[in-house]
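Notes follow once the structure below has been shown.
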Amino acid sequence: MVRAEGVHKRFGRNEVLKGIDLEIQPRQVCCIVGPSGSGKSTFLRCINHLDKIDGGRLWVDGQLVGYRQRGDKLHELRTSEVAAQRREIGMVFQQFNLFPHMTALENVMEAPIHVKRESRSAVRERSAKLLDRVGLADHSTKYPSQLSGGQQQRVAIARALAMEPKLMLFDEPTSALDPELVGEVLDVMRQLALDGMTMVVVTHEMSFAREVADLVVFMDAGVVVEAGKPDDVLTRPQHDRTRTFLQRVL
Ligand code: ADP
Ligand code: MG
């Protein structure tokens, strides 16, 4: 579902991704862990073409992200083509970014109606089901300000799912939450994983990674230091940098 080959990204002189190689199979959950500033968010944003890569290749579901290849040359896709690629990828951020003037249900309905131009009645039905799936059936008419952080983040997940993405990206989805609200969001993500969604999750929740991930990737300073099964990376890390990081967070 995701393949990165030698992905490079720099901001000015700051080389943030220094050749990322990674492969994520359909239905797999990949958790990316690593210290702050190591390039985790940038890598997620590259998968979505919110950041453009400067070197290497990146594919989602067999499609080159943001480019078309002719011979050896890459040509940038048109804005509409990039938008079409992005519609297939859901993203959930640390800050929930809900529309404050819309109810939970309206937040979930917004993109399918205005971006995909689906019929209001079909979208309403699907959105109500999604809110039920994230445990918020009774809160659909509430505004974000009337919901807890954990509830808002679950609305944000439902909103991303409403576009029926084939891949979900999560960038520290529980980092802004009070500790007692983290579990309810992780529960929703765990269920999503069980339902077979392909997910890339940047997280500091090591127990979630250990339990749910098929693949754990430890990034540091713009490189993948090691990647593998949760047990191998989190219990028997091969590299000092991984060990040092784990000692700090566990
Ligand atoms: P992480 O998510 O692992 O904490 P980031 O991907 O956010 O790391 O950042 C990696 C590096 O890239 C940091 O040094 C950060 O300052 C830099 N960076 C990220 N986004 C930008 C940007 N839009 N412009 C300039 N520098 C950026
Ligand atoms: Mg980040």
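The values are calculated or read from the model by the stated rules, or taken from the named source; none is laboratory data. These numbers were taken from a predicted model, which means no experiment stands behind them. Cβ atoms come from the backbone with ideal geometry, glycine included; neighbour counts cover every protein chain shown. Only protein heavy atoms, including side chains, enter the accessible area calculation; ligands, DNA and RNA are left aside. Shrake-Rupley method; radii C 1.70, N 1.55, O 1.52, S 1.80 Å.
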* Answer yes or no: is there a residue in segment 30-50 that is within 16 Å of ligand 1 (Cβ to nearest atom), of a type outside the set (S, T, Y), more than 24 Å from E15 (Cα to Cα) and in contact (Cβ under 8 Å) with a residue 40 or more places away in the chain. => no
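Working only within segment 183-201, note down all residues that are within 14 Å of Q28 (Cα to Cα) and either of a type outside the set (D, E) or over 18 Å from the mean Cα position of the chain (by Cα) (or both).
We begin by selecting, within segment 183-201, every residue within 14 Å of Q28 (Cα to Cα); these are 189-201.
Within segment 183-201, M189, R190, Q191, L192, A193, L194, G196, M197, T198, M199, V200, V201 meet the criteria.
It is to be established whether one or more residues within segment 184-197 are closer than 21 Å to C46 by Cβ, open to solvent by less than 40 Å² (accessible area, probe 1.4 Å), among the aliphatic types (A, V, I, L, M) and touching a strand residue (DSSP E or B) at 6+ places or on another chain (Cβ under 8 Å).
Step one: filter segment 184-197 for residues closer than 21 Å to C46 by Cβ, giving 197.
Filter once more, keeping what is open to solvent by less than 40 Å² (accessible area, probe 1.4 Å): 197.
With among the aliphatic types (A, V, I, L, M) added as a condition, the list becomes 197.
Now drop any that are not touching a strand residue (DSSP E or B) at 6+ places or on another chain (Cβ under 8 Å), which leaves 197.
Yes, the conditions are met somewhere in segment 184-197.
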* Using beta carbons and a limit of 9 Å, which pairs, at least six apart or on different chains, have the first residue in segment 9-21 and open to solvent by less than 70 Å² (accessible area, probe 1.4 Å) and the second one polar (S, T, N, Q)? -> K9/T42; V16/S38; V16/T42; L17/T42
* Entirely in segment 8-92, the strands (runs of 3 or more DSSP E) that have 3 or more residues that are within 16 Å of ligand 2 (Cβ to nearest atom) -> 14-24, 29-33
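To keep it simple, each residue is scored yes or no on (1) open to solvent by 10 Å² or more (accessible area, probe 1.4 Å); (2) free of Cβ contacts under 8 Å to residues at least 24 places away in the same chain; (3) not in a helix (DSSP H, G or I).
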site	(1), (2), (3)
N107	no, no, no
K116	yes, no, yes
V123	no, no, no
L130	yes, no, no
D138	yes, yes, no
T141	yes, no, yes
Q153	no, no, no
R159	yes, no, no
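Filter segment 161-183 for residues that are basic (K, R) and surrounded by 21 or more Cβ atoms within 10 Å (Cβ to Cβ) and give the result.
Filtering segment 161-183 down to residues basic (K, R) leaves 166.
The answer is none; no residue qualifies.
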* Structure fact -> So, first residue within 25 Å of L50 (Cβ to Cβ) and away from ligand 1 (no atom under 16 Å from the Cβ) in segment 171-187, second residue polar (S, T, N, Q) and modelled with pLDDT of 95 or more, Cβ within less than 8 Å, six or more apart or across chains; the pairs are L177/Q153; V185/Q153; V185/T174; L186/T174
